[in-house]
Amino acid sequence: MEEKTIGTDINQIEITSLNHIKGQPQVQELLRVNIDAYFQNRANNGNSSFGPALLLGPSGVGKTLTAKAIHSELANLNLVESNGEMLNNTAELTSVLLTADDNTTIFIDECQALNSKAQHLLLTAISERKLYVPRGRAKNIKREIPLANFILILASTSEFQLQAALRNRMRIYCRFDYYSIDDLTGIVKQRADALGWEYESIDVLRELASRARQTPRLALNRNLQMAWNVCSSHDRTTITMEDVTEAFRLLQIDSLGLDSLPREYLKQLAKHKSMKLNVLGSKLALPRQTIASVIEPYLLRMELLEKKGSDRAITIKGRNHLDTTDL
């Protein structure tokens, strides 16, 4: 009898189809229709294109995973992955566009980080399928270079930092939202089963999902992986609720998925009626932008925090959470 292979790392499993992605049903349906139309049009006249597509939503909700699934579904041979910061150099972006062929998918994550010049270059590339480059030393004389029929997928956490003209050129808009605990439990189960990781009960997986801040990335990369590591450290192959409890103790993750930093943020607020953002930044030794963009969004969603202008105040729910957390 063949011995069952057990994985050791969350990222050993690659998603190669939209059918393997759980949650976000509207996104999946929208993409399925467009992919099916792409193949049908190609079968009818041989001249079909997909997208360009723009995947929108907060960090950790599966945009990159979905982009890779699209690439696999379209059966393209080459996947070029990059991000907005890396392609701000127009020479780098030009190189990516010129080397792409008809079997290439270009995926640019965090595309809002592209500067205006790079966004304009990308806009020209997808609207005209051409690039205009200087002819020799005469910068005012341009020559046209035709581009291949590559597939372009952009992902962004902040769509309105993109130029309106570029946004309007996108044919497929996919808006990702946060996940329910039921969907996250299904995602954790799918990955654990694929890796051959056994678990004591579905309650174990649900506990991992409930402390993931509504995002698959935390549910898998942080919670499930740490629970497996704890289980393995005890020379066992079945994740128990005791393993989960120990994993969260080591990570200092409470029942709402908060680690020590957002809890310290709430503790600082609990000492005062309200606090200014710059004062909080000084107390936590963090830039204001980091607090506003990284720490506060989840606290606001969970109604642990109230803010008005630069003033921040903890809610009754926030105080109750601190009172009942034993970390």
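What follows draws every value from the coordinates through simple rules; no lab data is involved. This is a predicted model, so every value here is computed, not measured. Note: ideal-geometry Cβ built from the backbone for every residue, glycine included; neighbour counts use all protein chains shown.
Structure data summary
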| read-out | value |
| --- | --- |
| Hydrodynamic radius of segment 1-63 per Kirkwood, over alpha carbon pairs, in Å | 14.9 |
| Positive-end extreme of charge dipole, the chain - chosen from GLN119, MET302, LEU205 (charges on Cβ) | GLN119 |
| Segment 221-327 - Debye-derived log10 I(q)/I(0), Cα point model, q = 0.23, 0.24 Å⁻¹ | -1.16, -1.23 |
| Rounded to whole Å, sorted largest first: equivalent-ellipsoid semi-axes of the chain, Cα gyration tensor | 40, 29, 16 |
| Over 23 Å [Cα-Cα, segment 51-154], rounded percent | 26 |
| Student exercise, the chain dipole from Lys, Arg, Asp, Glu Cβ charges, in Debye to nearest 20 | 1940 |
| Relative pair counts by distance (%), Cα atoms of segment 139-275, 5 Å bins | 2, 8, 15, 14, 11, 10, 10, 9, 7, 5, 3, 3, 2, 1 |
| Charge-dipole axis of segment 85-189 as Lys and Arg at +1 and Asp and Glu at -1 on Cβ define it, positive-most pick from LEU98, LEU152, MET170 | LEU98 |
| Calculated FRET value between GLU29 and ASP311, using beta carbons and R₀ = 56 Å, to 0.05 | 0.85 |
| Extension gain, ALA43 back to GLN161 (0.36 nm per residue minus Cα-Cα distance, nm) | 38.7 nm |
| Options SER274, PRO216, LEU258, ranked by Cα towards positive dipole end of segment 186-280, top entry (Cβ charges) | SER274 |
| DSSP beta bridge pairing in the chain, given as percent antiparallel to the nearest 5 | 40 |
| Relative contact order %, the chain, counting alpha carbon pairs below 8 Å whose residues are six or more apart | 17 |
| Within straight-line cross-link reach of LYS117, lysines at Cα separation under 28 Å, skipping those fewer than 8 residues along the same chain | LYS63, LYS68, LYS130, LYS139, LYS142 |
| Where trypsin sites (Lys or Arg not before Pro) fall in DSSP loop in segment 1-76, at most 16 other Cβ within 10 Å | LYS4 |
| Potential extension, LEU77-ALA270 segment - 0.36 nm per residue separation minus Cα distance | 64.0 nm |
| Residue-averaged [θ]222 nm for the chain, counting only DSSP H segments that reach four residues, each worth -39500 (n - 2.57) | -13000 deg cm²/dmol |
| Surface/4 estimate of mean projected area, convex hull on alpha-carbon atoms of segment 53-113, nm² | 4.2 |
| Part-to-part distance (alpha-carbon centres) for segment 162-203 and segment 300-326, which is given in Å | 27 |
